[in-house]
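Below: the structure, in structure tokens.
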Amino acid sequence: MNENKKLGLYIHIPFCKSKCIYCDFYSLPRAEEEMDRYVAALQKHLTETAPLCENNVVDTVYFGGGTPSYLGVKRLKALLKTIFKQYHVEKTAEVTLEANPDSIGGRKDVAALRKAGVNRISLGVQSADDDQLRSIGRIHTFAQVQEAVAEIRAGGIENLSLDLIYGLPGQ
């Protein structure tokens, strides 16, 4: 294995509770019945693709979306298990999960994700103003953001980014 060949994995999780009015990404709101099939297909694809990457070392894994946290801990753990089994993942690799405040779960869920390999959360805050959040179709409040940050910290993840949108109508 040539450890100079770095590889980043981006895993797109298209599921969301609802579609935000500003979102241009491929997403499937209210399609929970497809989650298990999607995860199985991803696991199969990751396994089939792994031999093509045997001369690479993974230094970044990024779960983007959609809302990857909406997939749930059990499914995310299954995907992480496949990645860690099939790929040469650096011990210091950054493993990021995009999450929304309403779907990150509590500290036990966060701790389970951390134990499975997630070491960074990118939290979709978008705004600290509840009126602005409602105007762009977000289903969380700023109070939920504050609770989510506390649960993420209590669950043992220190590397946390907060996504904000600048230039919303009325700003």
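Summary table below
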quantity: Of all residues in region 31-66 being out of contact with any Cys (no Cβ under 8 Å at 6 or more places or on another chain) and part of a loop (DSSP other than H, G, I, E, B), the one that is farthest from residue 81 (Cα to Cα); calculated: 31
quantity: Filtered residue count, region 81-111, keeping only those that are aliphatic (A, V, I, L, M), more than 28 Å from residue 19 (Cβ to Cβ) and touching a residue at least 40 places away in the same chain (Cβ under 8 Å); calculated: 1
quantity: Unique match (being in contact with a strand residue (DSSP E or B) (Cβ under 6 Å, 6 or more places away or on another chain), aliphatic (A, V, I, L, M), surrounded by fewer than 19 Cβ atoms within 10 Å (Cβ to Cβ) and under 22 Å from residue 116 (Cβ atoms)) among 57, 73; calculated: 57
quantity: Within region 130-153, tally of residues that are modelled with pLDDT under 95, among the aliphatic types (A, V, I, L, M) and closer than 13 Å to residue 100 by Cα; calculated: 2
quantity: Filtered residues of region 144-168 (kept if more than 22 Å from residue 21 (Cβ to Cβ) and out of contact with any helix residue (DSSP H, G or I) (no Cβ under 6 Å at 6 or more places or on another chain)); calculated: 146, 147, 149, 150, 153, 158, 159, 161
quantity: Pairs with Cβ under 9 Å, 6+ apart, first in region 42-53 and surrounded by 14 or more Cβ atoms within 10 Å (Cβ to Cβ), second of a type in the set (Val, Ile, Thr) and outside any helix (DSSP H, G or I); calculated: 42/11; 42/13; 46/11
quantity: Extreme residue, farthest from residue 60 (Cα to Cα), among residues of region 90-111 that are open to solvent by 30 Å² or more (accessible area, probe 1.4 Å) and assigned to a strand (DSSP E or B); calculated: 98
quantity: Residue match in region 112-125 (condition: open to solvent by 40 Å² or more (accessible area, probe 1.4 Å) and outside any helix (DSSP H, G or I)); calculated: yes
quantity: Hits in region 126-153 (condition: assigned to a loop (DSSP other than H, G, I, E, B) and without any contact (Cβ under 8 Å) to a residue 60 or more places away in the chain); calculated: 127, 128, 129, 140, 141
quantity: Matching option when the condition is at positive phi and either assigned to a strand (DSSP E or B) or open to solvent by less than 50 Å² (accessible area, probe 1.4 Å) (or both), among 156, 170; calculated: 156
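The values are calculated or read from the model by the stated rules, or taken from the named source; none is laboratory data. In this text, all values refer to a predicted model and were calculated from it rather than measured experimentally. When we count neighbours, we look across all protein chains shown, and the Cβ atoms used for this are built from the backbone with ideal geometry, even at glycine. We work out accessible area using only protein heavy atoms, side chains counted, and drop any ligands, DNA or RNA first. Shrake-Rupley method; radii C 1.70, N 1.55, O 1.52, S 1.80 Å.
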